[in-house]
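Asker: Following this message is one structure expressed as C-alpha cells.
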Amino acid sequence: MREKIIMDGKGSDVNLENEFANSTSLHGIARVANNKRVPVKLVWVSIMLTCLCVCVYQVHDRFSFYLEYTANTAISVEYARDLDFPAVTICNFNRYRQSQVTAEEYKYLKFILTTTAAFNLDLSTEQTVDKPNENDSRKFNFTEFTLRAGFLIGPALLECKWRGKPCYAENFTHVFTPFGSCWTFNSGKDAPILQAHQAGEGNGLEIFIDIEQSEYTETITNNFQAGLKVVIHDQHTPPLVESSLAISPGVHAFVGIRRQQYLNLEKPHGKCDASAKLDRFEKYSLEACAIDCLTEVIVQKCLCRPVGYPGNETECSPFQERNCSIQVTDQFHTGEIRDCECTVPCNHTAFSTGLSTAVIPSLRSVRVLTEVLFSGNRSMQNSPGLNDTIAELVDDLSAFQEKYIKDNMVILSVYYKELNFQFYEQTKAYTLSALVSDIGGQLGLFLGASFITLAEILVYITHKVKWCFASKRESENEETVESEKSNIDSVTHTSVV
C-alpha cells in the first residue's frame, strides 16, 4: 500500500506516521513501526494493547474512586494553656414547687401532668382528674406560672465556688426547657465566658444544692424521680435536657469533662451544610435543629407553642397542651413523625463526660456537725444532769440531718480531666491533584507516556489534518486541470473538423 506523504517547507517527502513513531515519547510505537519481522511486530502489538487495556482499567478505577468523594477523619490532641469552660445547665426533676401552686393552678397542673401514666396503675386515672373549664384555661399563662412556681436557683443554692472563689445565684441564667425552669452557669450571655487554667477538681465549678423534695408535686404518672438533670454544653448550643446526666440526692457527683472540636466537610465529601439556618436560633447545631423542628411541627399541628420552646406564637392552653402538644411530642420522639432533616454542623464543639459519685454525708461528719451546734450553747453544757439528754438529742438530730442530706442534698463538681481538647477534622481522602498524579503514574508505568506525549499526539493530529486539506486541494486542482485540458482538446477537435 502506498504511504500517505506531504511536502515539507523544503520540498522533501516526510512520512508522518514514521516521523511520529520514531520521535514520540510513547516508546512502544517505534518498536511496532520499525520492526520488519511480522511475528516480532505482532508480539509488540500484543504488549502495547495489553498495557493499554490495563492502563485504561486503572485510570477508570481512579476516576471512580475520586467520584465516590470519600473523606478521612484526622484525630489529634491539642494542648492549651487556657480552655473555655462549658455552660452547665441544671434542672430539678420537680418542675413546680408545691408551696407556689394555688388550688386553681393545681387543677390545671394535674390535668396536664396526668395525660399518660408512667405505669399502668390505678393510683391516678383519667376519671379521677377534674377537667377545668376550657374557656377559663385559655386565661392560664403557663410562662408566668412556670417562672413563679418553677425551680429557683436562689433558695436552692447553698454554696457555689468557681475555681475556689465564691459564686452566686446571679451568675446563673434562666432558661426554659421541657423540664420547666432551668438555670445555666457560664452561659456567656451576661458576662464573658469563663476559662479554666488547670485541670482537676477544685479548678472548675462546685455547687451545693438543696432539691427540696418536700416541694415535689409530680407523682408516678410523670417524673417520679428525685434529683437533678445536668447538661454540659457549648454556649452556642441549647441544652438538650432529654439526653443529660441524672444525679440523685445524697451524693457528691464528680463530672470530669473533655472538650471535643469537630470540623466537617461540606458536600460532596461530607454531610454538613455551611448555609444551614434556623428560624428560632442564631447558630446552627443538631440540638437547636431538633428543638426548632419539633416546635415547628407542634405549631403546625396544634396552632400554638408549648411553654419552654422558642418563638413568638400563641402559648398553648392547658387543653391544647394535653390534647395535642404532648401527643405530638411523643410521636416525634418515637419516630412516628419524621418531618425533620437536620444536617451535621460544619464546625461545632461537644463535651464528653465521666461521672463518678461518693455518698454524703459520712457518719462521722454528721455527728461532728451536730456536736458543734450544741457546743455553742454554754448554758446547756454547764447544766448538770443534762449530759445524757444532750447525747440523746445529738443522736436524734444526727439521724435527722443525715436523712435530710441523703434525701435532698447534692454536691456537684464539674472540671476538666486534662487541659487539652480532641480535634476531629475531616479531610478529602482523594484530591484532584492526587487523581492527576495517579493518571500520570499509570500512563508512565504501562505506556511510557506523560502529558508531554499528549502534546505530541496533538501536534501529529494537527499535521495530519493539514495534510488532509492539502491533499484535498491538490486533488481538486488536478481535477480542474484535467477538466480544462479536456475542454481544450474538445475545442481543438471541433476546429479541425
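Asker: Go through segment 228-276 and count every residue that is part of a strand (DSSP E or B), basic (Lys, Arg) and under 13 Å from the mean Cα position of the chain (by Cα).
Answerer: 0
Asker: Any residue that is closer than 30 Å to ALA80 by Cα, touching a residue at least 60 places away in the same chain (Cβ under 8 Å) and open to solvent by 40 Å² or more (accessible area, probe 1.4 Å) - is there at least one of those in segment 287-298?
Answerer: no
Here is a yes/no grid of residues against (1) under 26 Å from the mean Cα position of the chain (by Cα); (2) assigned to a strand (DSSP E or B); (3) touching a residue at least 24 places away in the same chain (Cβ under 8 Å):
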residue	(1), (2), (3)
THR143	no, no, yes
LYS161	no, yes, yes
GLU170	no, no, no
VAL175	yes, yes, yes
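Asker: If a residue has to be surrounded by fewer than 13 Cβ atoms within 10 Å (Cβ to Cβ) and touching a residue at least 40 places away in the same chain (Cβ under 8 Å) to count, how many in segment 427-437 make the cut?
Answerer: Final tally of qualifying residues: 1.
Asker: To continue, here is another question. Looking only at segment 152-177, which residues are open to solvent by 10 Å² or more (accessible area, probe 1.4 Å) and under 27 Å from ILE291 (Cβ atoms)?
Answerer: The answer is LEU152, GLY154, LEU157, ALA169, GLU170, ASN171, PHE172, THR173, HIS174, VAL175, PHE176.
Asker: In addition: Going through segment 259-275 one residue at a time, which ones are open to solvent by less than 80 Å² (accessible area, probe 1.4 Å) and either charged (D, E, K, R) or in contact with a Gly (Cβ under 6 Å, 6 or more places away or on another chain) (or both)?
Answerer: ARG259, ASN264, ASP273
Asker: Still on this structure, I have one more. Does GLU456 fit the bill of being of a type in the set (Asp, Glu) and within 36 Å of the chain's Cα centre (by Cα)?
Answerer: no
Asker: Something else now. List pairs: first residue in segment 438-467 and open to solvent by less than 40 Å² (accessible area, probe 1.4 Å), second residue assigned to a helix (DSSP H, G or I) anywhere in the structure, Cβ distance under 6 angstrom, at least six positions apart or on different chains.
Answerer: Filtered contacts from segment 438-467: ILE439/VAL59; GLN442/CYS55; GLN442/GLN58; GLN442/VAL59; LEU447/CYS51; LEU447/CYS55; GLY448/HIS27; ALA449/LEU443.
Asker: Quick one: in segment 399-454, which of the residues that are part of a helix (DSSP H, G or I) and charged (D, E, K, R) is modelled with the lowest pLDDT? Walk me through how you get there before you give the answer.
Answerer: First pass over segment 399-454, keeping only residues part of a helix (DSSP H, G or I): 399-408, 432-447, 451-454.
So of that shortlist, the ones also charged (D, E, K, R) come out as 402-403, 406-407, 438.
Values: GLU402: 76, LYS403: 84, LYS406: 88, ASP407: 90, ASP438: 90.
Among those residues, the one meeting the criterion is GLU402.
Asker: Would you check if there is a residue in segment 218-236 being among the polar types (S, T, N, Q), open to solvent by less than 20 Å² (accessible area, probe 1.4 Å) and at pLDDT below 90?
Answerer: Yes, the conditions are met somewhere in segment 218-236.
The values are calculated or read from the model by the stated rules, or taken from the named source; none is laboratory data. Here the structure is a predicted model, which means the values were calculated and not measured. Every residue, glycine as well, gets a Cβ built from its backbone with ideal geometry; the counts of neighbours run over all protein chains shown. Keep in mind that these areas ignore ligands, DNA and RNA; they rest on the heavy atoms of the full protein, side chains included. Shrake-Rupley method; radii C 1.70, N 1.55, O 1.52, S 1.80 Å.
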